[in-house]
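Comments concern the structure below.
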Amino acid sequence: MGSLRGMEATPLVVDGALYVTSAWSFIHAFDAATGEPMWTYDPGVDRAHARFVCCDVVNRGPAYYKGRVYAGTLDGRLVAVDAETGELAWEVQTTPENSAYSVTGAARVFDGKVLIGNSGAEFGVRGYVSAYDAESGALIWRTYTVPGDPSDGQETEWLEWAAETWSGEWWKAGGGGTAWDAIVYDPELELVYIGVGNGSPWYERIRSPGGGDNLFLSSILAVRITDGEYVWHYQTTPGDNWDYTATQPLMLADLEIDGRGRKVIMQAPKNGFFYVIDRETGEFISGEAFAQVTWATGLTPEGRPIENPVARDLTGGVHVAPGPAGSHSWHPMSFHPETGLVYFPVMEHSILHAVNDDWDYDARTENIGGDWEYDGPTAGTPTVSTGHLVAWDPVGQREAWRVEHPDPLSGGTLATAGGLVFQGRGDGQLRAYRASDGHLLWGFQNETGIAAPPITFQVDGVQHLAVLAGWGGPDVLFNDPEGIGGGRTGPGRLLVFKLDGEATLPPPAPEPGPIPVPTFTVAATPAEVDEGATLYNDFCISCHGADAVSGGITPDLRRATEAVHQTFSDIVLGGVRAPLGMPPFDDLLTEEDVRRIQAYILSRARESASSSP
């Protein structure tokens, strides 16, 4: 796939062609039987826009409708290309130009309309979903997921009453509520279901200091397909205080519950509870924790969480499980009607939350509101990060079986009529399990970790399995040695299998050698190096890794050459490498700041070189 960045898309196969998206919003078409490339469309995303993307330059897949392929782009556009030629049919800017919005989620096509959400809550935006005419690209409707500035008036009556659940001046930081992935449709009910994200900033006491549920953060929102008007909502995390988005996959199913057929929508969001909701009315049917949860002790009969007061208050530093990566995130889950089970990856972990009460909104950078330098007393017990594949009974609300994984993070799942469950892992293993009990039946070792879900398709009567491999995302970028970013980074690949397939992979790339001793020097005192470390953690860590150790998908700055160091200021302030994805920071950093950061990186290179075998 020509990139080391994260690969998270679900492929599509239509009439013998396989369509998939990759990093920087590229769209690719292949012959589904042979793998021969048909075309590639490069939307020309401004690489400098990566500065306003929290979680890697990923895309979760294309949509297909009447001879066209549709996809969102990282810089907020929606493009429609000809499915046979890859030529652009139309494009539209779905977000304000040159804003902190981004698009990483898959486009969806329902009822002749292309629906797309957006990302950027950490950068202070206001979430919404837009519907465009699939033929022309004309905007049909736009639905905001959180209220805006009351002095401007809200767009709808239902946003007026949603605003009553907020306090303070939340709109100055956008409010958040971005719908960055989950959007599904029931054609019989003519309802669109939207999974809504977290608040901006994360913490309620600085976002909405008077409290309140903050509708429609962390909610499932049902709207009409015709005009985007509100029908019902269910909020999984009222007054979200922990980055518990409800943008995780939404699954429609018909289940028999207590002897009665129910049309349900199911979700296993970040907050650790598995929900079964009536998709006609929004009525809570049942919910149960599927992972360790310390922010709440359970759910009331009405489905409202019974909160841990310490986790709500967050005085000092409080360890809360799950952490912001969630017990389950965007990774697709699957349902097997024969077993009645839902299969999805689960992660057990926690984070130390400490609120920065002196936080001020800054449109140029992330606006989480946390105190990352906090070193005072803490409450709660940190959780050791682990991960597993879970088979969940949604009617009985219990775990049926699990398979432990070597890394906390793992990929989306596929359940098949043959009684199999396929899943990729962070260590590059693609595996098939027996759907009834999790017994391992088959495995394949790929060089790179797999986060995306597999699909299955037939060409000329032959069944195939396809999956996109490419290990990335925020945990890999941060590369926190105490975090959860484990997994094998390497070349992104589209892998396709069939019975008796005979293809082989090329040999793995050689491991990099020891860190070389840098020859370049920067005059700096020990105090200035320490200041450089602080600046690095403020502006560089989210892409280049903790302690200046790359996670493997962006350059390891300890290995920077003499030539790179000679042009260091031109890169960081002048943007000379913006076309490669390194944005300029001239609006946030000075020459003196850059000198201190460079001195810190050189010190880390010398430390690493001296400790190399």
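Some values worked out for this structure:
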| quantity | calculated |
| --- | --- |
| Residue among Pro377, Pro382, Pro337 that alone is under 30 Å from Leu440 (Cα atoms) and not hydroxyl-bearing (Ser, Thr, Tyr) | Pro337 |
| Segment 204-225, residues that are surrounded by fewer than 24 Cβ atoms within 10 Å (Cβ to Cβ), part of a loop (DSSP other than H, G, I, E, B) and touching a residue at least 60 places away in the same chain (Cβ under 8 Å) | Ile225 |
| Among the residues listed as Asp586, Asp538, the single one being of a type in the set (Asp, Glu), modelled with pLDDT of 95 or more and either loosely packed, with under 15 Cβ neighbours inside 10 Å or closer than 23 Å to Trp372 by Cβ (or both) | Asp586 |
| Hits in segment 540-571 (condition: among the acidic types (Asp, Glu) and touching a helix residue (DSSP H, G or I) at 6+ places or on another chain (Cβ under 9 Å)) | Asp547, Asp556 |
| Condition check for Ala509: more than 33 Å from the chain's Cα centre (by Cα) and loosely packed, with under 14 Cβ neighbours inside 10 Å | no |
| Options Pro382, Pro377, Pro345: the member that is touching a residue at least 60 places away in the same chain (Cβ under 8 Å), crowded, with 21+ Cβ neighbours inside 10 Å and not aliphatic (A, V, I, L, M) | Pro345 |
| Pairs, first over 28 Å from Asp15 (Cβ atoms) in segment 440-459, second outside any loop (DSSP other than H, G, I, E, B) and aromatic (Phe, Trp, Tyr), C-beta under 9 Å, six or more apart | Leu440/Tyr433; Leu441/Tyr433; Trp442/Phe422; Trp442/Tyr433 |
| Residue identified as surrounded by fewer than 18 Cβ atoms within 10 Å (Cβ to Cβ), farther than 23 Å from Val114 by Cβ and over 27 Å from the mean Cα position of the chain (by Cα) among Ser151, Ser136 | Ser151 |
| Of all residues making up segment 1-46, the number that are more than 15 Å from Ala83 (Cα to Cα) and aromatic (Phe, Trp, Tyr) | 1 |
| Single match in Ala89, Ala71 (criterion: of a type in the set (A, V, I, L, M), out of contact with any Phe, Trp or Tyr (no Cβ under 7 Å at 6 or more places or on another chain), surrounded by fewer than 23 Cβ atoms within 10 Å (Cβ to Cβ) and modelled with pLDDT of 95 or more) | Ala89 |
| Flag if Tyr275 is modelled with pLDDT of 95 or more, outside any loop (DSSP other than H, G, I, E, B) and over 30 Å from Val384 (Cβ atoms) | no |
| Those strands (runs of 3 or more DSSP E) lying entirely in segment 382-498 with at least 1 residues touching a Lys or Arg at 6+ places or on another chain (Cβ under 9 Å) and among the hydroxyl-bearing types (Ser, Thr, Tyr) | 410-415 |
| Within segment 235-288, tally of residues that are over 24 Å from Gly211 (Cβ atoms), hydroxyl-bearing (Ser, Thr, Tyr) and either in contact (Cβ under 8 Å) with a residue 60 or more places away in the chain or crowded, with 24+ Cβ neighbours inside 10 Å (or both) | 1 |
| Scan of segment 306-321 for residues that are in contact with a Ser or Thr (Cβ under 7 Å, 6 or more places away or on another chain) and under 22 Å from Ser219 (Cβ atoms), ordered by number | Ile306, Asn308, Ala311, Val320, Ala321 |
| Boolean, Ala29 is modelled with pLDDT of 95 or more and of a type in the set (A, V, I, L, M, F, W, C) | yes |
| Selection count, segment 1-20, where residues are over 17 Å from Pro491 (Cβ atoms) and either surrounded by 20 or more Cβ atoms within 10 Å (Cβ to Cβ) or among the aliphatic types (A, V, I, L, M) (or both) | 8 |
| Pairs where the first residue, in segment 529-553, is at positive phi and the second is hydrophobic (A, V, I, L, M, F, W, C), C-beta under 6 Å, 6+ apart | Ala548/Leu557; Ala548/Ile601 |
| Breaking point among (1) outside any loop (DSSP other than H, G, I, E, B); (2) within 28 Å of Gly76 (Cα to Cα), for Glu256 | (2) |
| Hits in segment 583-613 - residues which are among the polar types (S, T, N, Q) and within 14 Å of Thr567 (Cα to Cα) | Gln598 |
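Here's the yes/no breakdown for (1) buried (at least 18 other Cβ atoms within 10 Å of the Cβ); (2) at pLDDT below 95:
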| position | (1), (2) |
| --- | --- |
| Phe290 | yes, no |
| Pro301 | no, no |
| Arg304 | no, no |
| Thr315 | no, yes |
| His319 | yes, no |
| Ser329 | yes, no |
| Ala354 | yes, no |
| Thr365 | yes, yes |
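Each row is one residue, and each column tells you yes or no for (1) over 24 Å from Leu139 (Cα atoms); (2) part of a strand (DSSP E or B); (3) without any contact (Cβ under 8 Å) to a residue 40 or more places away in the chain.
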{"site": "Tyr19", "(1), (2), (3)": "yes, yes, no"}
{"site": "Ala33", "(1), (2), (3)": "yes, no, no"}
{"site": "Ala48", "(1), (2), (3)": "yes, no, no"}
{"site": "Asn59", "(1), (2), (3)": "no, no, no"}
{"site": "Leu74", "(1), (2), (3)": "no, no, no"}
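A quick yes/no check of all residues on (1) hydrophobic (A, V, I, L, M, F, W, C); (2) under 23 Å from the mean Cα position of the chain (by Cα):
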site: Glu256; (1), (2): no, no
site: Ile265; (1), (2): yes, yes
site: Gly272; (1), (2): no, yes
site: Ile277; (1), (2): yes, no
site: Ser286; (1), (2): no, no
site: Thr294; (1), (2): no, yes
site: Leu299; (1), (2): yes, no
site: Pro305; (1), (2): no, no
site: Arg312; (1), (2): no, no
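The values are calculated or read from the model by the stated rules, or taken from the named source; none is laboratory data. A quick note: this is a predicted structure, and the numbers were derived from the prediction, not measured. Reconstructed Cβ throughout: ideal geometry from the backbone, glycine too, with neighbour counts over all protein chains shown.
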